[in-house]
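J.: Take this structure, written in structure tokens, and hold onto it; I'll ask about it next.
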Amino acid sequence: MTERFYPIDDFTVKESWRLFRIMAEFVDGFETMAEIYPAVSIFGSSRVGADDPLYEKTRTIARLFAEDGFHVITGGGPGLMEAANRGAAEGGAQSVGLNIQLPMEQQPNSYANVVLNFRYFFIRKVMFVKYAQAYVVLPGGFGTLDELFEALTLIQTDRIKPFPVILVGNDYWTGLINWLHHRLLETGKISPQDLNLIQLADDPNEVVESVKRMVIV
């Protein structure tokens, strides 16, 4: 009888090593973020320059949170993420940048004083939601919307403890809120209380006070 030798499946080996990379990212994230409390995750576009009024508003919001004892978590990149990290650092808080490795090589901004680099989006999302006592969402694109609706889904389905989700910029977000009302609520795709998960605000002080009213730390 001839003994047969079967080659190790290269795909299986690669998938096994991927599991180790995933575990390593989780461990690194948990160990680094364990002391970041209380904290607010701030989201917004990477395509906003420092000369844009929205940049300064984001910086002010983050600084006010820092001065009130909140640390700030962002995606670690440029634009409004940089503005939030900058304001947090100026306010004396931990300024956390959860950077993601992208094909266009997103570089961490220089204002984050705690930096983590992630290969996997889903692990990074866990860090945002696990260590935040609130989400503050400024104008942004697909990535910002992704983080927003991820949090709303988890709250709606009782997978996480409810926390404030504040959209900053009435002019930018009112169209989306109207669409959710007319297309989702009125056709029975969501319940009336689901829309109550979202707050709208414009003034930086109003944003911070809204979180302080709802968050017990």
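J.: Please find, among Thr58, Thr2, the residue that is among the β-branched types (Val, Ile, Thr), touching a helix residue (DSSP H, G or I) at 6+ places or on another chain (Cβ under 9 Å) and either at pLDDT 95 or above or more than 23 Å from Leu145 (Cα to Cα) (or both).
T.: Working: Thr2 fails: touching a helix residue (DSSP H, G or I) at 6+ places or on another chain (Cβ under 9 Å).
Going through Thr58, Thr2 in turn, the sole match is Thr58.
J.: For the stretch 153-179, which positions are closer than 23 Å to Asp203 by Cβ and either hydroxyl-bearing (Ser, Thr, Tyr) or assigned to a helix (DSSP H, G or I) (or both)? Before you say what the answer is, go through the steps one by one.
T.: To start, the set of residues in the stretch 153-179 that are closer than 23 Å to Asp203 by Cβ comprises 163-178.
Passing the criteria: Asn170, Asp171, Tyr172, Trp173, Thr174, Gly175, Leu176, Ile177, Asn178.
J.: With respect to the numbered conditions (1) part of a loop (DSSP other than H, G, I, E, B); (2) aliphatic (A, V, I, L, M); (3) under 28 Å from Met23 (Cβ atoms); (4) in contact with a strand residue (DSSP E or B) (Cβ under 6 Å, 6 or more places away or on another chain), which one is the sole condition not fulfilled by Val96?
T.: (1)
J.: Additional query: Are any residues in the stretch 19-34 among the charged types (D, E, K, R) and either touching a Gly at 6+ places or on another chain (Cβ under 6 Å) or free of Cβ contacts under 8 Å to residues at least 24 places away in the same chain (or both), and if so, which ones?
T.: Of everything in the stretch 19-34, just one residue is among the charged types (D, E, K, R) and either touching a Gly at 6+ places or on another chain (Cβ under 6 Å) or free of Cβ contacts under 8 Å to residues at least 24 places away in the same chain (or both), namely Glu31.
J.: Only one of (1) touching a Ser or Thr at 6+ places or on another chain (Cβ under 8 Å); (2) in a strand (DSSP E or B); (3) farther than 20 Å from Val215 by Cα; (4) free of Cβ contacts under 8 Å to residues at least 60 places away in the same chain fails for Val115. Which number is that?
T.: (1)
J.: Of the conditions (1) within 26 Å of Ile22 (Cβ to Cβ); (2) surrounded by fewer than 21 Cβ atoms within 10 Å (Cβ to Cβ); (3) out of contact with any Pro (no Cβ under 8 Å at 6 or more places or on another chain), Asp68 satisfies every one except a single condition; which number is it?
T.: If we test Asp68 against (1) within 26 Å of Ile22 (Cβ to Cβ); (2) surrounded by fewer than 21 Cβ atoms within 10 Å (Cβ to Cβ); (3) out of contact with any Pro (no Cβ under 8 Å at 6 or more places or on another chain), just (1) comes out false.
J.: Which one is farthest from Thr58 (Cα to Cα) among residues in the stretch 192-217 that are surrounded by 14 or more Cβ atoms within 10 Å (Cβ to Cβ) and among the β-branched types (Val, Ile, Thr)?
T.: Here the answer is Val215.
J.: Within the stretch 120-131, does at least one residue satisfy the condition of being among the charged types (D, E, K, R), over 30 Å from Arg18 (Cα atoms), assigned to a helix (DSSP H, G or I) and without any contact (Cβ under 8 Å) to a residue 60 or more places away in the chain?
T.: no
J.: Also: Could you list all residues from the stretch 113-127 that are touching a helix residue (DSSP H, G or I) at 6+ places or on another chain (Cβ under 8 Å), over 19 Å from Asn85 (Cβ atoms) and either surrounded by fewer than 16 Cβ atoms within 10 Å (Cβ to Cβ) or among the basic types (Lys, Arg) (or both)?
T.: Arg119, Tyr120
J.: Any idea which residue in the stretch 192-217 is farthest from Phe163 (Cα to Cα), counting only those that are of a type in the set (A, V, I, L, M, F, W, C), out of contact with any helix residue (DSSP H, G or I) (no Cβ under 9 Å at 6 or more places or on another chain) and in contact (Cβ under 8 Å) with a residue 12 or more places away in the chain?
T.: Here the answer is Val217.
Let's see how each residue does on (1) farther than 25 Å from Thr157 by Cβ; (2) of a type in the set (A, V, I, L, M, F, W, C):
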{"site": "Leu180", "(1), (2)": "no, yes"}
{"site": "Glu186", "(1), (2)": "no, no"}
{"site": "Lys189", "(1), (2)": "no, no"}
{"site": "Gln193", "(1), (2)": "no, no"}
{"site": "Asp202", "(1), (2)": "yes, no"}
{"site": "Asn205", "(1), (2)": "yes, no"}
{"site": "Val208", "(1), (2)": "yes, yes"}
{"site": "Lys212", "(1), (2)": "yes, no"}
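J.: Mind counting the residues in the stretch 150-191 that are closer than 22 Å to Thr58 by Cα and free of Cβ contacts under 8 Å to residues at least 60 places away in the same chain?
T.: Residues meeting the conditions: 16.
J.: A further question on this structure: Which numbered condition in (1) of a type outside the set (A, V, I, L, M, F, W, C); (2) within 23 Å of Met214 (Cα to Cα); (3) in contact with a Phe, Trp or Tyr (Cβ under 8 Å, 6 or more places away or on another chain) is the only one that Lys57 fails?
T.: (3)
The values are calculated or read from the model by the stated rules, or taken from the named source; none is laboratory data. The structure displayed is predicted, hence computed values, not measured ones. All Cβ positions, even for glycine, are placed from backbone atoms using ideal geometry, and neighbour counts span all protein chains on display.
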